[in-house]
Structure formats: C-alpha cells, structure tokens
2 protein chains.
Amino acid sequence: MTATAQLTRSVEDYLKSIFHLTNQGGFATTSDIAAMLEIAPPSVSGMVKRLSETGLIEHVPYRGVQLTPQGRRAALQMIRRHRILEVYLTQQLGYDWGDVHEEAERLEHAVSEKLIEKMAGALGDPRYDPHGAPIPTAAGDIEEAELFTLADAKIGASIIVRQGGDDDAARLRYLAALGLTPGTHLTVLERQPFNGPTTVRSGSETRVVGQELAEQLWCAEVGGGGNR
Amino acid sequence: MTATAQLTRSVEDYLKSIFHLTNQGGFATTSDIAAMLEIAPPSVSGMVKRLSETGLIEHVPYRGVQLTPQGRRAALQMIRRHRILEVYLTQQLGYDWGDVHEEAERLEHAVSEKLIEKMAGALGDPRYDPHGAPIPTAAGDIEEAELFTLADAKIGASIIVRQGGDDDAARLRYLAALGLTPGTHLTVLERQPFNGPTTVRSGSETRVVGQELAEQLWCAEVGGGGNR
DNA sequence: TCTGTTTATTAGCTTAGCCTAATACCCTGT
DNA sequence: ACAGGGTATTAGGCTAAGCTAATAAACAGA
C-alpha cells in the first residue's frame, strides 16, 4: 500500500502531462510540458524541482524529466479516473462524445477512489474510453497498444480507429460526422504523395482524409490489443 | 443572466457557511464562520474583506456578515449542487446514506451546471436530499420549512423527520438504525424533565431518544412544506 | 461607570503556483 | 573550435489563502 500523500490538482496535471509526453519513451522537456499545460516554462522548472524532491519524477537538468515508478502509478491513477469518468458521463448521463473531456478534466481531481470503482462497476469495468483509449486497471496496468496515426498507416493495412487525442471537441465531432469513431475498422487504400490525403474504406464507404486530420487520428493494427 | 465570474473553491465554502449561519436571520459572526470552516478567525476577517469588495456579502464591522442577493444566489447554487449530488450518489451508485456528504463536498466544486441538471433530470428533479433537506431549484428558490429539533418538538405533535445535519456519518448511521430516517412520521409522546429523553411513536414502534441526539434531529410539522 | 473578558481586526509571515526578465547552458553550423 | 540561437534555469515579484501575535472594539458584571 503506497501511502501517497494527497496530491494537489496542479501536481496531478503535471504527472498526467509527463506521462503522455514520455509514453513513447525518452524525456519530457520543460517546454513541452509548459506547452501542454499552457503555462510559462519557468513555472515548469519550479514545479519540476518540487516533484523531484518528493520522488515523483527524475530530473536530468537541461534534458528533461521522467516519471519514477511512484509517479507513474499516480499518473495512471489519474488517467484511469479520467477515462472511467468519460465512459460514465457518456453512457449513463447522455454526454456528447466531444464534450466529456472537459468535464472529466475537472472531476478527476475531486472524485474518490471509491466513487471511481463504483462507476467502473456500474459500467461493467470498461477497457476503453469513448475515444478508444485504453483504461488502466485499478492495479495500475495499462494496455500497451502499438498506436500510430492514420498518416503513418501502411497502404493496404487493416486497422482499427483508436483515437488517442480527446482534447478538441470540434475536431472530435467532425470525425464522428465522418464516421471515424473509435472501434471503426478501416482498410487503408492509398495515400497521395507529398503528405497528401489518405483514402480509406470503412465497410462499403470510402473516405478521403486530409493529412492534418490523419495525423491526429490514432489507430492500432487489427488484432493488436483487443477491439473494444 | 448574472455573469458570476468563476468563484474559487474557498469562496464557495465561505458562502455556503454564511448561508447556513444566517438561515434563521441575523448575522454570521467571524468566529462562527471560522469554527464551521475549521480555520482561524483572522483568516475569515481577510476573506470577508475580499468578499465584500466583490459584492457577495455585506459586512458590519465587529457585528458580522450577511449575504447580498448575489451572494445568496451563489450559495443556493452550491447547496443545490451538493444536494443533487447526494441524491444521485445514493440512488444511482449505491452510496451509503452516511457517506455521501463527504464525497459531495468535494464534487460540488468541480461539477458543471450542465452535469448537475443532467443528474437532476435522471432523478426526476428530486425536491429533498437523502437527509431530508430541501433542494433549491435551478432558479434559486428554496422551500422555507419551519424546522425545529426533536428536543424542541411539542408533546403530542405529529411531525416528520427532516434531519438537517448531514455532517457526522456515524451519527447518521445510528439514527438510521433507530429507524429515524428523513420522511419518517413521528408522534411526540412525552419528554422527561431537565433535558431528559423524548419518547416518540413511529408507526407501531416506540423509541426513546436522548436529549443529545434529539437536538440534532431536525423535524417539520406534518403538512408544512411537502413530505418528500 | 469602569474594568476585565471576549471577540474582531490589523500586522506581518508562510507556502503554492504562477509570472517576466535576466542569465546560463547546450548544440549546431561554419 | 567557436559563435549564435534556442532551451532551461535562476532571480525576483505577485496573488490567494492560510497562520500567529499584537491591538482594538464591544460587552457584561460589579
């Protein structure tokens, strides 16, 4: 039992950001964290000092930070809260797919562990959130899917939309209108040269997706890691 | 449309406390507010200054404070949030009657208006919380029940348990075990002299309630203000 | 009425997190 | 090998909201 002293809202946000920025391995830089949290870089330097003192992150000056096992556990707990909340709000309270992120972003800092587990139970312990992202277990394990964006998908590949990015409601609604919701199976037909649009087939429909959008649409190989 | 700028958690707590302390009319004193929020009196003096500058309260030095109409509106909004959350957690997520207060206390600062209204809708717009307290409407109206404690109830009176106090989980559970839950109809049979226990009849059962407990058990005259 | 106690306020500090401006470090291109 | 540009950090401030200690006002009892 890790007696994690109560973390502040702001600390929880830092840990989440660092988790997302280091998910592909490597360090999270000061300026990347600052950009993600929309604050000035020196504020990050200050917090980084405090967080390394409490053992939640490892700091290599002028290089960046990584989560310690303890920090990673705390980050995954927040991500679990966030994603369970998103599923709950969507399924039980009729929230719109594009709107849940903002609400969950505030609630995740206020809910108790107990409430999250009650919500998860009421939902049948979901494994993916409404955007297709995997939900860490209460024990802190998360599915390591090999995610890539549609812009990087190989021609001819059979893929499933997972849709990691959940932060722009307008874009999410647009994607939903195109039928590119998480869980959708696609076949990559072709891609025009020089970062051109990608053409995909979804069932009997064919869609052309611009490069900008394709770079935001996270997908997984079919068969790789459960399909919702 | 009152463009109430985003209030901090702490301001919201002050307004709620002042509302409760002035509910029977009169002023809320610095030390009463301090006691209710479990902070030192000088901290209250400081916040009182800020709140009167923003027009949420009226301050009479050395006498106390009262809510302005604007402050009252904000307080009622918080109380609505709190009570809707309590009903929701109890009815939809199987929370225990005695445990909801603490969870709601944290969530009320994080939920959006929209979420509260969705919850209220899912519950069929409840009028009372699980402790029997009336829920303000979205428009900011609250039922003005004539509440008194069981210790003050007249002998022979026919009353209904309303149970204002929702802050001590152990006491609430004990009351529930005695069958003294909100909505229960009682007849006051007798009261021993010198602050002795009160005897009540609930249906076919007879109960003797000690003075200490009776002073915490808020009741309303039957017929006065709806009965749940 | 005066005096002592209680209660409220002011003064002055602390901590968390943010900010801007100034400085230090790293790295790449010549 | 080093100069310049781009990051990172340090220095120094600000605000919100808490604290303790000191002072001021109100009130109650003799």
> Can you tell me which residues in the stretch B:73-95 are within 13 Å of chain A (Cβ to nearest Cβ) and in contact (Cβ under 8 Å) with a residue 12 or more places away in the chain?
Replying inline: B:Arg81, B:His82, B:Ile84, B:Leu85, B:Glu86, B:Tyr88, B:Leu89, B:Thr90, B:Gln91, B:Gln92
> Taking A:Ser31 and the conditions (1) under 23 Å from B:Ala110 (Cα atoms); (2) part of a helix (DSSP H, G or I), which numbered condition does it fall short on, given that it satisfies the others?
Replying inline: (1)
>> Tell me whether the stretch B:109-117 contains one or more residues that are charged (D, E, K, R) and touching a Pro at 6+ places or on another chain (Cβ under 9 Å).
In response: no
> When you look at A:Val87, is it open to solvent by less than 10 Å² (accessible area, probe 1.4 Å), within 16 Å of DNA strand D (Cβ to nearest atom) and more than 13 Å from the chain's Cα centre (by Cα), yes or no?
Replying inline: no
> For A:Gln163, all conditions in the list (1) modelled with pLDDT of 80 or more; (2) of a type in the set (S, T, N, Q); (3) surrounded by 16 or more Cβ atoms within 10 Å (Cβ to Cβ) hold save one; what is the number of the exception?
Replying inline: (1)
> Which ones in the stretch B:8-51 are away from DNA strand C (no atom under 16 Å from the Cβ) and within 14 Å of another protein chain (Cβ to nearest Cβ)?
Replying inline: B:Glu12, B:Asp13
>> When you scan the stretch B:61-75, do you find a residue that is within 16 Å of DNA strand C (Cβ to nearest atom) and open to solvent by less than 20 Å² (accessible area, probe 1.4 Å), even just one?
In response: yes
> If we keep just the residues of the stretch B:102-143 that are within 14 Å of chain A (Cβ to nearest Cβ) and in contact (Cβ under 8 Å) with a residue 40 or more places away in the chain, which is surrounded by the fewest Cβ atoms within 10 Å (Cβ to Cβ)?
Replying inline: B:Glu102
>> Just the residues that are open to solvent by less than 40 Å² (accessible area, probe 1.4 Å) and part of a loop (DSSP other than H, G, I, E, B), please, taken from the stretch A:34-60.
In response: A:Gly55, A:Leu56
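The values are calculated or read from the model by the stated rules, or taken from the named source; none is laboratory data. All figures in this text were calculated on a predicted structure; none of them were measured in a lab. Backbone-built Cβ (ideal geometry, glycine too); neighbour counts: all protein chains shown. Just so you know, the surface numbers come from the protein's heavy atoms only, side chains and all, with ligands and any DNA or RNA stripped out. Shrake-Rupley method; radii C 1.70, N 1.55, O 1.52, S 1.80 Å.
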